[in-house]
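The values are calculated or read from the model by the stated rules, or taken from the named source; none is laboratory data. Just so you know, these numbers come straight off a predicted model, no measurement behind them. Every residue, glycine among them, receives a Cβ derived from its backbone with ideal geometry; neighbour counts consider all protein chains shown.
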């Protein structure tokens, strides 16, 4: 029941904000109604943790929805959903408090409607014990993210992502809010189609879409192996998760989604929505993998997905090394860290140890949600203070914003995985799960860890250290903005210190009784973090490589800065040809439309008119001309019948003469 209250609280707030907007109440009513709704959801989620985390099979709230199809509105509270729900609700509450001051009056009604709708949709997704209910929550987060990414519908330049005027392969590399919102919904909908097909296959085999039923009857999926479509089905089923959690090439939507308010970036693109794909994998991989992993094709799919995630982690980390926009660095970082989580799940599943993958992926999910939300919220305060999204216009802010610096530093050190911060524990758990597949995969993950620490050092230096390079007057934000991220920054350290205690509950969620740690990987992971963070000394001493002086280095930098040219290639290969094809179809459609609605009716009208004329001619001839001519002829014929015998004799003589002449002519010839 607590899960139901958590889900319904936000939806109730959504309705109330709509009513307040219709009544034209002050924007503060709408803001605090939204905060209150999320607060109730957070309280209910905390109760759900207290009541459901220790339950062996969890507790289920179920209502018949479509009995004829075996579909129920079912919510399950077990260790995994309870902890995930609490993370979502609590972080959403902190970000909501921040948003009251950050968003203010402009667009408040629109913001709080979609904010509360998003939070409830995310909680529905988390607690759902039915794939249809989960999919409804899934799509709810999608439509909310579209609205919030495009929140600044006036496309003000300060909300853009990318450098105005910059092009690669003739493709613009800057993005407006409305453009980015359409990109987000388009990219993720491609994955959702695959996911929906996968759900349809589950229903066809089981006759139900219940996740609990799927867990108990996962052997019913074996016929997919016999039919030879298991690999295709798995890829389609996970496609929604890959798109939602920004795996290559779907990461493109995430990095340009920074056009929304920074509070939206913290909520959707760091703490919650992008974690939906990871959560989908955490929830369903322990069900699917044990039943199917014995088959080589399935194992190859999980191995391939693991390497796809590792590649995404590496590629997006390299992009973060050269990015100039603060939020863009954090966006690349989010895509990279999400890839760690999914790589852990898929790699461990490929090795036949799905539970270890769930532990590694979920541990990093919880940790990352806290420290990345902190980083984004501080970034919003910084950008507002210096009136620029570029790190070139920052620097030296430690002096002007010391509390913001402290929060940012704590979260950044967690991102860089330095002990004893939470990121150190969770990243090692993820790398350990990845190592179960192969040592090469673990080394690849550790190389990415070095890159993570390097771009974190670079970000710290350019934003808070050195000399201030901007033109504004930076200062700390108001308390409603400052306190939430300051508390979350402390939590990044606090979670690390409390990790041995928290680890027990995360292990429960993963279905593990004990957690194994590989000392050698922990040592190498720590070394990777220290090595990457040490590069900050180079910045402090001014020992930086002059990239512009080397054509080769400049080419590499531009390649990374322009996201491996992937965006330009997508537009050149897919978007622009698709646009031209659509324009061609539009021309054909307009031609057919004109043919159907203009040409054919015109020809028909012409023919009707001609037929009408012919009809008039025929009617005139039949009804007027012919009778009159017949009357004249009749009159002539009647005139010949005079009744005078002399006339008749004359006709007779003339007739005899004509007959004689004709006969003579015939005889002679």
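Against the list (1) within 24 Å of residue 160 (Cβ to Cβ); (2) modelled with pLDDT of 90 or more; (3) out of contact with any strand residue (DSSP E or B) (no Cβ under 9 Å at 6 or more places or on another chain), the condition residue 271 fails is (2).
Residue 121 falls short on exactly one of the conditions (1) crowded, with 23+ Cβ neighbours inside 10 Å; (2) not assigned by TED's automatic domain parsing to the domain that holds residue 78, and that condition is (2). Of the set (1) more than 30 Å from the chain's Cα centre (by Cα); (2) touching a residue at least 60 places away in the same chain (Cβ under 8 Å); (3) part of a helix (DSSP H, G or I); (4) surrounded by fewer than 19 Cβ atoms within 10 Å (Cβ to Cβ), all apply to residue 466 but (3).
What number of residues within region 251-300 satisfy the criterion of being over 30 Å from residue 222 (Cβ atoms) and within 11 Å of the chain's Cα centre (by Cα)?
Residues flagged as over 30 Å from residue 222 (Cβ atoms) and within 11 Å of the chain's Cα centre (by Cα) within region 251-300 amount to 9.
Scanning region 192-205 for residues that are farther than 15 Å from residue 66 by Cβ and touching a helix residue (DSSP H, G or I) at 6+ places or on another chain (Cβ under 9 Å) yields 192, 193, 194, 195, 196, 197, 198, 201, 202, 205.
Residue 234 meets the conditions (1) in contact with a helix residue (DSSP H, G or I) (Cβ under 7 Å, 6 or more places away or on another chain); (2) surrounded by fewer than 20 Cβ atoms within 10 Å (Cβ to Cβ); (3) farther than 30 Å from residue 116 by Cβ in every case but one. The failed one is (2).
When the test is whether a residue is buried (at least 24 other Cβ atoms within 10 Å of the Cβ), in contact with a helix residue (DSSP H, G or I) (Cβ under 8 Å, 6 or more places away or on another chain) and at pLDDT 95 or above, residue 315 does not pass it.
For region 312-322, check the following and say yes or no: at least one residue is under 30 Å from residue 217 (Cα atoms) and in a helix (DSSP H, G or I). No, region 312-322 contains no residue that is under 30 Å from residue 217 (Cα atoms) and in a helix (DSSP H, G or I). For beta carbons closer than 6 Å, sequence separation of 6+ or different chains, a first residue in region 283-303 that is outside any helix (DSSP H, G or I) and a second that is modelled with pLDDT under 95, the qualifying pairs are 293/299; 293/352; 295/225. Do the conditions hold for residue 100, that is, is it buried (at least 24 other Cβ atoms within 10 Å of the Cβ) and more than 24 Å from the chain's Cα centre (by Cα)? No; evaluated as a whole, the condition is false for this residue. Listed by position, the helices (runs of 4 or more DSSP H) contained in region 333-436 that have at least 2 residues being more than 27 Å from residue 322 (Cα to Cα) are 354-386, 422-435.
Among the residues of region 103-129, the one identified as within 24 Å of residue 1 (Cα to Cα) and over 21 Å from the mean Cα position of the chain (by Cα) is 129.
Any idea which of 328, 321 is surrounded by fewer than 24 Cβ atoms within 10 Å (Cβ to Cβ), closer than 23 Å to residue 482 by Cα and either outside the structural domain of residue 97 (by TED's automatic domain parsing) or within 22 Å of the chain's Cα centre (by Cα) (or both)?
The conditions single out 328.
Taken over region 59-80, the residue count meeting the criterion of being free of Cβ contacts under 8 Å to residues at least 60 places away in the same chain and crowded, with 22+ Cβ neighbours inside 10 Å is 0.
When 38, 83, 8, 47 are screened for being under 27 Å from the mean Cα position of the chain (by Cα), part of a helix (DSSP H, G or I) and surrounded by fewer than 21 Cβ atoms within 10 Å (Cβ to Cβ), only 8 passes.
Let's see how each residue does on (1) closer than 30 Å to residue 108 by Cβ; (2) assigned by TED's automatic domain parsing to the domain that holds residue 277:
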residue	(1), (2)
166	no, no
183	yes, yes
194	no, yes
202	no, yes
207	no, yes
215	no, yes
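There is at least one residue in region 481-489 that is within 30 Å of residue 283 (Cβ to Cβ), surrounded by fewer than 18 Cβ atoms within 10 Å (Cβ to Cβ) and modelled with pLDDT of 95 or more.
Exactly one residue among 621, 578 is surrounded by 11 or more Cβ atoms within 10 Å (Cβ to Cβ) and at pLDDT 85 or above, and that residue is 578.
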